[in-house]
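> Take this structure first; my questions come after.
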Amino acid sequence: MRGEPSCPKCGGRVRAPGLFADSWQCGAHGPVHPLQPVIPPSVNALTVAVGRSRVPVWMPWPLPVGWLFTGVAYAGDDRDGGRATAVACSGPGPLGGPGELLLIAEELGVGLGARYAGLPGPDPGAGLNVTEPPRAKVLAAGRATPLWLLDGTPEDRAVFAGEAMGLWLWAVTWPRESGLLLYDELVLADLRDAGSEVDLVPCGALSPRLLS
């Protein structure tokens, strides 16, 4: 499952810092924060991502009934720390069948959220219309956080975006109907503040969404 770091925007190969560049480089996107290889979900994998992250590691807490943690990914390196995180959870969808949710926190321009959203990126762009009322609201680290449903995304998913703690917060669900989860004021915890409670997170099989 382990591999090489990749571009958070396109998944392409990246070159490590060296003699001619002091940052990771993608041939298509220039300097990037490298997406580290995704590994099977476990409390240890989650603890590593939490320990290295400079941005929130969002997770519904408590998880909806029947839902499991199914993977984590982060973009960044040992020098700069994690500048984007993506947490996957899976469980029964609100209308039946399986549902999947990715929660992404990232700094401006990293591009990981747009990649999972199926957008050219690196940020929500014209699909985010804040002149309209938000379609969903979550409680992120104790603060009411509005999320807008983005236009122009693939039909197989619902994509919401907003701002929490001065950073982008994306919520991507499969299938589209699983976006109903976000209409119930889902409570999100930043796992950097969870302490030993991280050990209680129930783990499932790796979500293939993190590898797309």
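> I'd like to verify a number: residues in segment 97-123 that are in a loop (DSSP other than H, G, I, E, B), within 23 Å of Arg192 (Cβ to Cβ) and in contact with a Ser or Thr (Cβ under 9 Å, 6 or more places away or on another chain), how many?
0
> Can you find even one residue in segment 48-65 that is among the β-branched types (Val, Ile, Thr), in contact with a strand residue (DSSP E or B) (Cβ under 9 Å, 6 or more places away or on another chain) and free of Cβ contacts under 8 Å to residues at least 40 places away in the same chain? Steps first, please.
Step one: list which residues in segment 48-65 are among the β-branched types (Val, Ile, Thr), which gives 48, 50, 55, 57, 65.
Going one step further and asking which of them are in contact with a strand residue (DSSP E or B) (Cβ under 9 Å, 6 or more places away or on another chain), we end up with 48, 50, 55, 57, 65.
Those left that are additionally free of Cβ contacts under 8 Å to residues at least 40 places away in the same chain: 48, 65.
Yes, segment 48-65 contains at least one residue that is among the β-branched types (Val, Ile, Thr), in contact with a strand residue (DSSP E or B) (Cβ under 9 Å, 6 or more places away or on another chain) and free of Cβ contacts under 8 Å to residues at least 40 places away in the same chain.
> Kindly indicate whether Leu101 is closer than 19 Å to Trp168 by Cα, loosely packed, with under 14 Cβ neighbours inside 10 Å, hydrophobic (A, V, I, L, M, F, W, C) and touching a residue at least 24 places away in the same chain (Cβ under 8 Å). Before you say what the answer is, go through the steps one by one.
Numbers: closer than 19 Å to Trp168 by Cα: yes; loosely packed, with under 14 Cβ neighbours inside 10 Å: no; hydrophobic (A, V, I, L, M, F, W, C): yes; touching a residue at least 24 places away in the same chain (Cβ under 8 Å): yes.
It is false that Leu101 is closer than 19 Å to Trp168 by Cα, loosely packed, with under 14 Cβ neighbours inside 10 Å, hydrophobic (A, V, I, L, M, F, W, C) and touching a residue at least 24 places away in the same chain (Cβ under 8 Å).
> Working only within segment 88-98, note down all residues that are closer than 22 Å to Ala45 by Cα and not polar (S, T, N, Q).
If the condition is that a residue be closer than 22 Å to Ala45 by Cα and not polar (S, T, N, Q), then Ala88, Cys89, Gly91 are the ones that fit.
> Right, here's the next one. Looking at Ala49, Ala86 in this structure, which one is at pLDDT 95 or above and in contact with a Phe, Trp or Tyr (Cβ under 7 Å, 6 or more places away or on another chain)?
Details: Ala49 fails: at pLDDT 95 or above.
Just a single option satisfies the conditions, and that option is Ala86.
> Every residue in segment 153-173 that is open to solvent by 10 Å² or more (accessible area, probe 1.4 Å), of a type outside the set (Val, Ile, Thr) and in contact with a strand residue (DSSP E or B) (Cβ under 9 Å, 6 or more places away or on another chain), please.
Of all residues in segment 153-173, those open to solvent by 10 Å² or more (accessible area, probe 1.4 Å) come to 153-157, 163, 165-168.
Still in the running and of a type outside the set (Val, Ile, Thr): 154-157, 163, 165-168.
If the condition is that a residue be open to solvent by 10 Å² or more (accessible area, probe 1.4 Å), of a type outside the set (Val, Ile, Thr) and in contact with a strand residue (DSSP E or B) (Cβ under 9 Å, 6 or more places away or on another chain), then Asp156, Arg157, Glu163, Met165, Leu167, Trp168 are the ones that fit.
> At least 1 residues that are open to solvent by 20 Å² or more (accessible area, probe 1.4 Å) and in contact with a helix residue (DSSP H, G or I) (Cβ under 9 Å, 6 or more places away or on another chain) in each: list the strands (runs of 3 or more DSSP E) lying fully within segment 1-91 that qualify.
Working: elements: 24-26, 30-32, 58-60, 68-77.
By residue number, 68-77.
> Step by step: first the residues of segment 107-142, then only those that are modelled with pLDDT under 95 and open to solvent by 70 Å² or more (accessible area, probe 1.4 Å), then the one that is nearest to His33 (Cα to Cα). Which residue is that?
Pro120
> Does Gly81 satisfy being modelled with pLDDT under 95, of a type outside the set (A, V, I, L, M, F, W, C) and under 25 Å from Val187 (Cβ atoms)? Even if it seems obvious, please write down each step before you answer.
On the way: modelled with pLDDT under 95: yes; of a type outside the set (A, V, I, L, M, F, W, C): yes; under 25 Å from Val187 (Cβ atoms): no.
Against the criterion (modelled with pLDDT under 95, of a type outside the set (A, V, I, L, M, F, W, C) and under 25 Å from Val187 (Cβ atoms)), Gly81 does not qualify.
> Same structure again: Any idea which of Leu182, Leu188 is modelled with pLDDT under 95, closer than 25 Å to Gly109 by Cα, out of contact with any Gly (no Cβ under 9 Å at 6 or more places or on another chain) and not in a loop (DSSP other than H, G, I, E, B)? Let's see the steps before the verdict.
On the way: Leu188 fails: modelled with pLDDT under 95.
Testing whether each residue is modelled with pLDDT under 95, closer than 25 Å to Gly109 by Cα, out of contact with any Gly (no Cβ under 9 Å at 6 or more places or on another chain) and not in a loop (DSSP other than H, G, I, E, B) leaves just Leu182.
> Just give me the residues in segment 108-146 being within 16 Å of the chain's Cα centre (by Cα) and of a type in the set (Lys, Arg), in sequence order.
If the condition is that a residue be within 16 Å of the chain's Cα centre (by Cα) and of a type in the set (Lys, Arg), then Arg115 is the only one that fits.
> While we're on this one: Determine whether Pro94 is part of a loop (DSSP other than H, G, I, E, B), touching a Cys at 6+ places or on another chain (Cβ under 6 Å) and touching a residue at least 60 places away in the same chain (Cβ under 8 Å). Let's see the steps before the verdict.
Details: part of a loop (DSSP other than H, G, I, E, B): yes; touching a Cys at 6+ places or on another chain (Cβ under 6 Å): no; touching a residue at least 60 places away in the same chain (Cβ under 8 Å): yes.
When the stated conditions are applied, Pro94 does not pass them.
> Could you check segment 183-203 and list, in sequence order, the residues that are farther than 15 Å from Ala164 by Cα and open to solvent by less than 20 Å² (accessible area, probe 1.4 Å)?
Correct list: Val198, Val201.
The values are calculated or read from the model by the stated rules, or taken from the named source; none is laboratory data. Just so it is clear, the model here is predicted, and its values are computed rather than measured. Cβ atoms come from the backbone with ideal geometry, glycine included; neighbour counts cover every protein chain shown. With ligands, DNA and RNA removed, areas are computed over all heavy atoms of the protein, side chains included. Shrake-Rupley method; radii C 1.70, N 1.55, O 1.52, S 1.80 Å.
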